[in-house]
Amino acid sequence: MKKLFVGLGGVLSVAAIGALGTLIVGAWACDRGDFRTALPIYEFFALAGFEGFETPVGLMYLSNDSGKRDPARAIAWLRDPAKRGDARAQYGLGIAYRVEGGGAEGRQAAFVWFLESAERGFRPAQNATAIGYGTGDGVARDMVQALKWGTIAADGEMPTIFTGGVSQQDIAEAQQMALAWIAAHGEAWEDSGQ
């Protein structure tokens with residue numbers, strides 16, 4: 001392989017420059033929402049073992065904009081990063097299980113992943129967790145937990161959507177639980193505001 005560029009203490013080959021150019025095109029396409037272009041590029045890098053590409057690939061397989069919407073493939077791509085604690089992958093896995101169906105078992109699996117992601121501070125998952133608890137979708141209905149997660153997702157403000165028919169005692173308990181969660185998670189929570 002020919003050496004094309006020497007600088008910054010290293011050597012870049014023609015292949016490396018080509019790969020970098022391809023990656024830049026993929027990132028640019030992804031930023032623009034052009035998942036039809038980005039998906040094959042990101043998938044190439046994920047298959048080559050580069051870190052950080054599995055989650056975007058899985059999320060693109062959930063998108064109608066990719067032209068290759070495939071919840072089963074999304075699950076396959078998202079499972080490992082979700083197990084490693086990637087909050088975006090956990091949320092995506094929850095969406096994938098919800099979309100893929102599977103009846104009550106699928107809804108329960110979706111809720112488990114939404115809750116995992118919510119606990120890591122991912123705001124969309126906090127909303128999904130509040131809705132799950134509030135509607136009893138995938139989990140036993142629990143209005144205190146619904147209000148807690150809704151409050152966390154709303155920056156400490158009590159959401160009014162679930163307060164109808166809930167006792168003042170339960171509202172106060174949910175508010176206290178939410179504020180304690182926010183205090184315990186501090187910076188990690190603030191940095192997750194998606």
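The values are calculated or read from the model by the stated rules, or taken from the named source; none is laboratory data. If you're wondering where the values come from, they're calculated on a predicted model, not measured in any experiment. A quick note on method: Cβ atoms are made from the backbone with ideal geometry, for glycine too, and the neighbour counts reach across all protein chains shown.
So if I check each of 82, 74, which one is crowded, with 19+ Cβ neighbours inside 10 Å and under 27 Å from residue 185 (Cα atoms)?
One residue alone meets the criteria, 82.
Quick check: anything in region 166-176 modelled with pLDDT of 90 or more, crowded, with 24+ Cβ neighbours inside 10 Å and more than 30 Å from residue 47 (Cβ to Cβ)? Taking every residue of region 166-176 in turn, at least one turns out to be modelled with pLDDT of 90 or more, crowded, with 24+ Cβ neighbours inside 10 Å and more than 30 Å from residue 47 (Cβ to Cβ).
Residue pairs whose Cβ atoms lie under 6 Å apart, sitting 6 or more positions apart in sequence or on different chains, and linking a residue in region 50-79 that is free of Cβ contacts under 8 Å to residues at least 60 places away in the same chain and more than 13 Å from residue 40 (Cα to Cα) to a partner that is outside any helix (DSSP H, G or I) and of a type outside the set (Ser, Thr, Tyr), are 55/86. Does residue 130 satisfy being more than 18 Å from the chain's Cα centre (by Cα) and either of a type in the set (A, V, I, L, M) or crowded, with 19+ Cβ neighbours inside 10 Å (or both)? Spelling it out, it is not the case that residue 130 is more than 18 Å from the chain's Cα centre (by Cα) and either of a type in the set (A, V, I, L, M) or crowded, with 19+ Cβ neighbours inside 10 Å (or both). If the condition is being within 18 Å of residue 153 (Cβ to Cβ) and of a type in the set (Gly, Ala, Ser), then region 91-123 contributes 92, 94, 110, 117, 118, 121. Note on region 83-127: residues that are touching a helix residue (DSSP H, G or I) at 6+ places or on another chain (Cβ under 7 Å) and charged (D, E, K, R) total 8. Restricting attention to region 47-58, does a residue exist that is more than 22 Å from residue 118 (Cα to Cα), in a helix (DSSP H, G or I) and among the polar types (S, T, N, Q)? No, region 47-58 contains no residue that is more than 22 Å from residue 118 (Cα to Cα), in a helix (DSSP H, G or I) and among the polar types (S, T, N, Q).
Within region 29-50, the set of residues being modelled with pLDDT under 85 and loosely packed, with under 13 Cβ neighbours inside 10 Å comprises 31, 32, 33. Please list, ordered by first then second residue, the pairs with beta carbon atoms under 6 Å, 6 or more apart or interchain, first in region 109-138 and without any contact (Cβ under 8 Å) to a residue 40 or more places away in the chain and more than 16 Å from residue 151 (Cα to Cα), second of a type in the set (Val, Ile, Thr) and in a loop (DSSP other than H, G, I, E, B). Between residues of region 109-138 that are without any contact (Cβ under 8 Å) to a residue 40 or more places away in the chain and more than 16 Å from residue 151 (Cα to Cα) and residues that are of a type in the set (Val, Ile, Thr) and in a loop (DSSP other than H, G, I, E, B), the close pairs are 111/139.
Residue-by-condition table, conditions (1) farther than 24 Å from residue 59 by Cβ; (2) crowded, with 17+ Cβ neighbours inside 10 Å; (3) not polar (S, T, N, Q):
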| residue | (1), (2), (3) |
| --- | --- |
| 89 | no, yes, yes |
| 109 | no, yes, yes |
| 114 | no, yes, yes |
| 148 | yes, yes, yes |
| 157 | yes, no, yes |
| 161 | yes, no, yes |
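Within region 168-194, residues that are under 15 Å from residue 121 (Cβ atoms) and aromatic (Phe, Trp, Tyr) have Cβ atoms under 7 Å from residues that are modelled with pLDDT of 90 or more and not in a helix (DSSP H, G or I) in these pairs: 189/121, counting only partners at least 6 apart in sequence or on another chain.
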